[in-house]
Amino acid sequence: MNMKLDKQTISHLANLAKIKLEDGEAEIYSQQLSDIIGHLNNLSEADKFIQQAQLTDQIDGYQFKAASVDLSADEVATWPADETAASLAMTGSQPGQPVTIPPIRG
Amino acid sequence: MDLNNLTLAAARQLLDNRQITSRQLTEYYLRRLKKYDDQVHASLLIDETGALKQADEADQRLISGDQTGVLGIPYLVKDNILTKGLKTTAASKILADYIAPYDATVIAKLRQSGAVLLGKANLDEFAHGTSTENSAMGPTKNPYDLERVPGGSSGGSAAAVAADFCLFALGSDTGGSVRHPASLCGVVGYKPSYGAISRHGLIAMASSTDVIGILAKTASDAASVLRIIAGQDKFDATAQTKLATAKIKDKINWADLRIGWPDEYVSTGLDLAVLDSLTQVKNFLQEHGAKIIPLSLPSTKYGVAVYHVITSAEVSANLARFDGLRYGYKQSAASLNETYLINRGHFGAEAKRRIMLGTYILSAGDGCFYYNQAQRVRRWISYDFDQAWEKVDFLLTPTVPRPAFRLSQKINDPLSLYLEDALLTPASLAGVPAVSWPTGWSGDGLPIGSQLIGPLGNDYDLLTLTQAMQTALPCLRRRLAWEK
């Protein structure tokens, strides 16, 4: 795959990611992200190596040791009152009242 | 008393023998920070009042006979780790005024053990980077050459230890962010096994590889901190990796060691001084009876590509919460879309790049293709390490191919900055422990590090070997030009 992320694609991605681009930024990001995508294309070569070395079964069936998780009991814990109050204060909300967010005008 | 260049272990002895108080030690580091940090810019916040209060409390505990590993020991913490009542900014304008309502688990454990929190250390915004130039609060400088980068993203933490502003510092390592700056600043940088230390209260970058790591002058000091902060945590379901032993050993039997010498890490692209330094380590091991076993990990060259596909995807998801409504900067606007755009406009350039790349990777079609490929190659990387552990106990590699580069040299070339982590990302993707320690100097007087990588859970054995190497081949801290 030889992908280039052109200015239009960058603008589309920025819109999806809710990021506002300043004038000229789309062009810079187009160049930089295309370079990076160019490097990511090396992954196709890795696929070929895996097939040629006949490692497909071992690798597709590989289980990460670090990712084994024993879930603990789902118990409700009481958060310290001062930390709850500090969290609510940051939102400008009162205990027992709905959490408020900045108003959307218009 | 000359406190210059004290290790944590030496400070522990002085405290326990009542030759010094925690207050005196804390005042010493506060003085150094005040006097010199405007040049290095390792810290973002110094909590003098809080630190002195903690030091006095530690002194009371010392008088009553308490002697835990870090009691009364001053430290700094990377500013993406939450500290109750103190600002935690992640070096981002988005969180410039954020005060965490609770402590990260590591901070709570250190607080309980009586360590003294001096303040917060600089980083690349949201830990995205390898130079600390992506900090919205300005870059940290390398203490050994103020015109060069300290590495990143835990550049403030590494520079602070190198500049002797604290006895240890916490950092975070997602794809090399503790080991890279440790190498460039000439200190020890230890990345634990994934899941050995709770991530609760670490501002998430890429949750599947994020770990909290330790920067210190010696591997033994890092192990002392690890003993305090490792372990399971009900607030982090992934903190489940049990460590094989509970402390480092005093002695090592060199002849029992099988050290892997992986071709892909040592064969190309290394600065000569880096290769020389690594070869000295290898020769020492060989002369003392360790078996050096050449081997191949062919997946290594794909580490950076896999890392940036997977972590960008996770970054774009993790940074979605900074939307102007839930977390971070909050400014009203005329529509919901405009609210998002205005508030998320405060991300720096690198965060924007990674969010957009992650958005692309998580899109159906070509992006999704990269993601599936990367997940597959990530399994291969882990498989390669497992194959290696059947033949060797540890892998010996360089940490970074070259010493510190100049500030601004690579700032407009993100790909070249990403490739700085070429030898660091595989251990992160596989979740295995790794440590960088200082092993030499370049012709320009810049520090050079070497890396040891070990099997999952063998963290203390890894630190035992690192400490043994530090003792056998000492690479002493040099005088800093700006120190008077």
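Excluding A:Pro80 itself, calculate the net charge of residues whose Cβ lies under 13 Å from the Cβ of A:Pro80, where each Lys or Arg counts +1 and each Asp or Glu counts -1.
Values: positive: B:Lys84; negative: A:Asp82, A:Glu83, B:Asp103.
Its environment carries a net charge of -2.
So how much accessible surface do A and B hide from each other in total, probe 1.4 Å, in square angstrom to the nearest 100? All intermediate terms of the calculation are to be shown ahead of the outcome.
Details: alone 10030 and 18590 Å², together 22970 Å².
Buried area (both sides, nearest 100 Å²): 5600 Å².
Around B:Asn5, under 14 Å between beta carbons, what's the net of Lys plus Arg minus Asp minus Glu among the other residues? List each step's numbers first, then the result.
On the way: positive: B:Arg32, B:Lys217, B:Arg477, B:Arg478, B:Arg479; negative: B:Asp2, B:Asp164, B:Asp221, B:Glu483.
Result for the local shell: +1.
Just to confirm, what accessible area per residue do you get for the stretch A:7-60 at 1.4 Å probe, in whole Å²?
Numbers: 2960 Å² over 54 residues.
For the stretch A:7-60, the per-residue accessible area is 55 Å².
Of all accessible surface on the stretch A:7-60 at a 1.4 Å probe, what whole percent is carbon and sulfur?
Details: 1310 of 2960 Å².
Of the solvent-accessible surface of the stretch A:7-60, carbon and sulfur hold 44 percent.
Which of the trypsin sites (Lys or Arg not before Pro) across the stretch B:177-236 are loop residues per DSSP, with 14 or fewer other Cβ within 10 Å? Provide the component values of the computation, followed by the final result.
Details: sites: B:Arg179, B:Arg199, B:Lys217, B:Arg227, B:Lys234; in loops: B:Arg199, B:Lys217, B:Lys234.
Taking the stretch B:177-236 and a limit of 14 other Cβ atoms within 10 Å, the loop trypsin sites (Lys or Arg not before Pro) found are B:Lys234.
In whole Hz, what ³J(HN,Hα) sequence does the stretch B:87-96 give by Karplus (6.51, -1.76, 1.60; θ = phi - 60°), x for Gly and Pro?
4, 10, 9, 6, 6, 10, 5, 4, 10, 3
Given H placed on each backbone N at 1.01 Å, which residues far from B:Gly449 in sequence or on other chains put an amide H within less than 5 Å of it?
Here B:Thr399, B:Val400, B:Thr439 satisfy the definition.
Using the Karplus curve 6.51 cos²θ - 1.76 cosθ + 1.60 with θ = phi - 60°, work out ³J(HN,Hα) for each residue of the stretch B:336-343 in order, rounded to whole Hz, and write x for Gly and Pro.
5, 4, 5, 4, 4, 4, 5, 6
Roll a 1.4 angstrom probe over the protein heavy atoms and tell me the percent of accessible area of chain B that is carbon or sulfur.
Working: 7910 of 15810 Å².
Percent of accessible area from carbon and sulfur atoms in chain B: 50.
Would you work out which of A:Ala17, A:Ala53, A:Ser34 lies farthest towards the positive end of the dipole of the stretch A:7-60? Charges go on Cβ: Lys and Arg +1, Asp and Glu -1.
Sorting the options by dipole projection puts first A:Ala17.
Before rounding to the nearest 500, sum -39500 (n - 2.57) across all DSSP H runs of length at least 4 in chain B and divide by the residue total; then give [θ] at 222 nm in deg cm²/dmol. It would help to have the intermediate numbers written out before the result.
Working: 16 runs with 185 residues, N = 484.
About -11500 deg cm²/dmol.
Based on the alpha-carbon set only, what is the convex hull volume of the stretch B:188-329 divided per residue, in Å³? Mind dumping the intermediate values first?
On the way: hull volume 24.5 nm³, N = 142.
Spelled out: Cα convex hull of the stretch B:188-329, divided by residues, is 173 Å³.
At a 10 angstrom cut-off on C-beta neighbours, averaged per residue, how do the peptides B:417-426, A:74-83, B:84-93 rank from highest to lowest?
Numbers: B:417-426: 25.0, A:74-83: 8.5, B:84-93: 21.8.
Final packing ranking: B:417-426, B:84-93, A:74-83.
At B:Gln280 and B:Asp263, where each label point lies 7 Å from the Cα along Cα→Cβ, what is the point-to-point distance in nanometres?
If labels sit at B:Gln280 and B:Asp263, their model points lie 2.8 nm apart.
As a test, work out the antiparallel percent of DSSP beta bridges whose residues both lie in chain B, rounded to the nearest 5. Spell out each step's value before the answer.
Working: 32 of 47 bridges.
Antiparallel bridges: around 70 percent, rounded to the nearest 5.
Mind checking the stretch B:241-276 for trypsin sites (Lys or Arg not before Pro) that DSSP puts in a loop (not H, G, I, E or B) and that have at most 10 other Cβ atoms within 10 Å? Display every interim value, and only then the final one.
Details: sites: B:Lys242, B:Lys247, B:Lys249, B:Lys251, B:Arg258; in loops: B:Lys242, B:Lys247, B:Lys249, B:Lys251.
Hits after loop and neighbour filter: B:Lys251.
With θ set to phi - 60° and the Karplus curve 6.51 cos²θ - 1.76 cosθ + 1.60, what are the ³J(HN,Hα) couplings of the stretch B:41-49 in order, to the nearest whole Hz, using x for Gly and Pro?
With coefficients 6.51, -1.76 and 1.60, one gets 6, 7, 10, 9, 7, 10, 9, 4, 4 Hz.
I want the antiparallel fraction of DSSP beta bridges within the protein assembly as shown, as a percent rounded to 5. Walk me through the intermediate numbers first.
Numbers: 32 of 48 bridges.
Close to 65 percent.
Taking H as built 1.01 Å from N, whose amide H comes closer than 5 Å to the amide H of B:Arg148, not counting residues under 5 places away?
Under 5 Å from the amide H of B:Arg148 lie the amide H atoms of B:Asn142, B:Leu407, each far enough along the sequence or on another chain.
What's the long-distance tail for the stretch B:180-225, i.e. % of Cα pairs beyond 18 Å? Write down the numbers at each step before the final one.
Details: 357 of 1035 pairs.
It works out to 34 percent of all Cα pairs.
Sticking to Cα atoms, compute the Rg of chain B to one decimal and its Dmax as the biggest Cα-Cα distance, whole number, in Å.
21.2, 72
Quick check: Cα centre of the stretch B:309-356 to Cα centre of the stretch B:82-129, how many Å?
20
Which whole number gives the average count of other chain Cβ atoms within 10 Å of the Cβ atoms across peptide A:6-18? Working shown, then result.
Working: counts 0, 0, 0, 2, 2, 0, 4, 9, 6, 3, 7, 14, 15.
Averaged over the peptide's residues, the number is 5.
The values are calculated or read from the model by the stated rules, or taken from the named source; none is laboratory data. Given the structure is predicted, the values throughout are model-derived calculations rather than measurements. When we count neighbours, we look across all protein chains shown, and the Cβ atoms used for this are built from the backbone with ideal geometry, even at glycine. Just the protein is used for accessible areas: all its heavy atoms, side chains included, with ligands, DNA and RNA removed. Shrake-Rupley method; radii C 1.70, N 1.55, O 1.52, S 1.80 Å.
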